[in-house]
Amino acid sequence: MDFVEQLKSSVDIVTVVGEYVRLRRSGPNRYMGLCPFHNEKSPSFTVHVVHQFYKCFSCGAGGDVVKFVMEKEGISFYEALKSLAERFGVPMPKRSQYADEDAKVRGGLLAMHELAQENFRANLSAQAGEAARAYIAKRGLSEETVEQFGLGYSDRSGRALLRLFEQDHFPVAQMEQSGLVKKRQDGSLYDSFRNRLMFPIHNESGKIIGFGGRALAADDEPKYLNSPETQIYKKSHVLYNLHRAKEPMRKEDRVILVEGYMDVIGVTAAGVRNVVASCGTALTDKQVQALKRHTQRIAVNFDPDVAGANAAERSLDLLLAESMHVRVVELDGGLDPDEYCKEHGPEAYADRVEHAKGYFYWLADRVRAKHDMRTPEGKVAVLEFLLPKVQRVNDPLERMTIANDVAGYLGVNQGMVLDRFRKAATERNEKTIERPKSTLRHDERMLLSALLTDAEWRAEIVEQMRALQTVEALPSRRIFQAIFALEDSGGRVGFDEVNARLEEADQNLFAQAVLAEDGEITREEVTAAIVSMRRSEDQYLRVQLKSRITESERAGKLEEAMRLTMELQGLERSVGRRGSH
Ligand SMILES: [Zn+2]
């Protein structure tokens with residue numbers, strides 16, 4: 001067994017995929033969830049436990065666990081092997097044939113971030129870190145919390161990281177690529193972060209990929225400075241604290257979205273752990289999709305000022321388009337989440353989240369305040385504002401329910417609202433993704449699964465199937481031929497090996513077949529599938545013979561036609577005999 005095979009056999013694909021996708025068991029050996037490679041509302045992404053592969057029947061993404069990690073983390077084959085090997089305690093071969101250039105660059109960037117983190121952490125407890133410690137004390141963060149979130153301090157020298165990177169002989173180009181070091185006009189280099197409280201930013205698997213730095217001097221601009229986009233830090237994809245929050249998010253089946261690092265830290269420190277922030281950017285659809293894989297229920301808790309409310313309103317369009325169930329948390333006393341937790345405790349905060357208003361009630365209150373609801377014009381104006389938002393809700397039933405509720409809440413005639421909705425709905429272009437239906441017969445699917453399951457069955461099925469001409473006419477013929485070829489070459493006949501020999505269309509058929517025949521296969525089922533295949537062989541031969549007879553008659557070859565007719569009669573007799581047993 002080569003290393004890749006050995007690694008794959010010690011890794012559980014459901015565990016690995018399950019860190020990105022909320023999987024539900026959908027059969028004895030199958031799990032389903034929302035595809036992490038395209039945007040979808042209902043799950044078409046499937047993972048097979050026994051054959052250890054994933055497949056999305058909407059976007060076509062599919063492969064083994066190594067490919068999943070590569071695609072999900074945007075890393076190379078080698079990096080994916082390494083990351084899986086580390087996690088599952090499988091020793092990597094020493095001189096690895098899998099290393100590549102990109103992997104080295106990204107590995108270098110990650111190592112630089114680790115070095116930076118060590119430096120920032122050390123600075124925080126050194127003399128230079130006094131201002132940062134004072135700020136931390138002012139915000140009331142415990143030592144434990146500072147430790148948990150890895151807070152640090154970038155010193156004033158502007159050369160600390162530069163020196164470290166030079167010592168470790170990182171090339172200048174790579175230093176710049178890291179975003180941690182910048183170049184002046186004259187070509188000299190300096191640290192990007194100076195005299196700032198540092199917040200490490202992690203990717204979903206917990207590696208540091210960037211930093212946020214809060215200014216400590218009053219006149220330092222900007223107040224928050226973020227790492228630039230790099231090869232390892234794609235801002236529009238990253239949410240602050242997601243790697244810590246995803247477990248609690250699933251458990252609570254809800255995520256709380258706040259505005260900044262300090263809110264995340266304050267709320268987590270108070271004991272509410274399902275909280276994330278979009279760092280340094282307005283919320284993006286990629287971020288919402290990352291959340292949606294863990295939960296569809298979100299409570300938005302932005303700052304109580306006008307900017308916060310506007311930001312909330314903007315994010316909401318995006319959240320609704322992704323079919324998230326949105327609530328908006330409002331905290332009294334003009335407090336932000338961090339302050340509220342400190343003043344009222346985590347139970348009170350959790351309670352506010354639990355009883356937060358549904359998005360549309362919140363929005364209705366907001367517009368209602370701007371119009372005179374006693375006049376018909378006022379009511380219409382409010383409706384005109386709300387209805388397009390309601391239409392962003394993807395589920396038609398939910399959309400109608402909300403429209404109805406909002407009408408009731410505003411005291412507007414419900415008939416009128418629904419009427420407008422029906423009109424809008426017909427204009428709305430409902431896109432539904434059609435799932436490809438399996439075009440394989442039950443016996444084909446059964447035999448394909450059986451071929452992967454048991455070597456003894458395989459020998460028997462291959463022998464039987466090879467004798468049958470009907471195989472040529474099966475939609476799955478190329479899959480069977482690939483298996484015959486593998487069996488001949490004496491190679492391993494597993495899902496991946498067969499899959500690797502197929503074109504994309506056949507890969508889809510193959511995955512469908514294996515996923516459809518999901519349960520434990522019994523000897524009886526295999527026998528029944530072989531019998532069924534033989535029956536279709538008879539049928540196939542009959543059709544062939546009949547068409548040859550017709551051809552011969554047309555060509556005037558009557559002797560030939562007679563001979564074929566006898567052959568057909570013989571076939572009918574033997575089928576009849578077999579049938580009567
Ligand atoms: Zn997909």
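The values are calculated or read from the model by the stated rules, or taken from the named source; none is laboratory data. What you are looking at is a predicted structure, and each value in this text was computed from that prediction instead of being measured. Counting neighbours? That spans all protein chains shown, and the Cβs are built from the backbone with ideal geometry, glycine included. When the accessible area is computed, the model is the full protein with side chains, heavy atoms only, and any ligands, DNA or RNA have been set aside. Shrake-Rupley method; radii C 1.70, N 1.55, O 1.52, S 1.80 Å.
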Query - Matching residues in segment 486-507 - criterion: being more than 15 Å from A450 (Cα to Cα) and among the small types (G, A, S) - result: S489, G490, G491, A500, A505
Report summary line: Within segment 29-41, restricting to residues that are part of a strand (DSSP E or B), open to solvent by less than 50 Å² (accessible area, probe 1.4 Å) and not aliphatic (A, V, I, L, M), the one that is farthest from the ligand (Cβ to nearest atom) is Y31
**Report entry** Among the residues listed as D338, D372, D351, the single one being in a helix (DSSP H, G or I), in contact with a Gly (Cβ under 6 Å, 6 or more places away or on another chain) and either open to solvent by less than 70 Å² (accessible area, probe 1.4 Å) or at pLDDT 90 or above (or both)
**Finding:** D338
Query raised in the report: Across segment 42-82, what is the number of residues that are open to solvent by 50 Å² or more (accessible area, probe 1.4 Å), in a loop (DSSP other than H, G, I, E, B) and either within 16 Å of the ligand (Cβ to nearest atom) or in contact with a strand residue (DSSP E or B) (Cβ under 7 Å, 6 or more places away or on another chain) (or both)?
Result: 3
**Report entry** Out of A290, A282, sole residue that is open to solvent by less than 30 Å² (accessible area, probe 1.4 Å) and either hydrophobic (A, V, I, L, M, F, W, C) or touching a residue at least 60 places away in the same chain (Cβ under 8 Å) (or both)
**Finding:** A290
Query raised in the report: Do the conditions hold for S26, that is, is it among the polar types (S, T, N, Q), closer than 15 Å to F495 by Cα and away from the ligand (no atom under 12 Å from the Cβ)?
Result: no
Query raised in the report: Taking V21 and the conditions (1) away from the ligand (no atom under 16 Å from the Cβ); (2) among the β-branched types (V, I, T); (3) farther than 18 Å from F495 by Cα, which numbered condition does it fall short on, given that it satisfies the others?
Result: (1)
**Report entry** Residue tally, condition open to solvent by 20 Å² or more (accessible area, probe 1.4 Å) and within 17 Å of Y261 (Cα to Cα), over segment 122-145
**Finding:** 10
Query raised in the report: In segment 1-28, how many residues are over 26 Å from K41 (Cβ atoms), outside any helix (DSSP H, G or I) and either among the basic types (K, R) or open to solvent by less than 40 Å² (accessible area, probe 1.4 Å) (or both)?
Result: 1
Query - Subset of segment 197-217 [assigned to a strand (DSSP E or B), open to solvent by 10 Å² or more (accessible area, probe 1.4 Å) and without any contact (Cβ under 8 Å) to a residue 60 or more places away in the chain] - result: H202
Query - Filter result (modelled with pLDDT of 85 or more and either closer than 28 Å to E144 by Cβ or surrounded by 20 or more Cβ atoms within 10 Å (Cβ to Cβ) (or both)) within segment 293-315 - result: H294, T295, I298, A299, V300, N301, F302, S315
Report summary line: Checked segment 171-191 for anything buried (at least 21 other Cβ atoms within 10 Å of the Cβ), at negative phi and assigned to a loop (DSSP other than H, G, I, E, B); matches are S178, L180
Query raised in the report: Residues R535, R573: which one is without any contact (Cβ under 8 Å) to a residue 40 or more places away in the chain and exposed (fewer than 12 other Cβ atoms within 10 Å of the Cβ)?
Result: R573
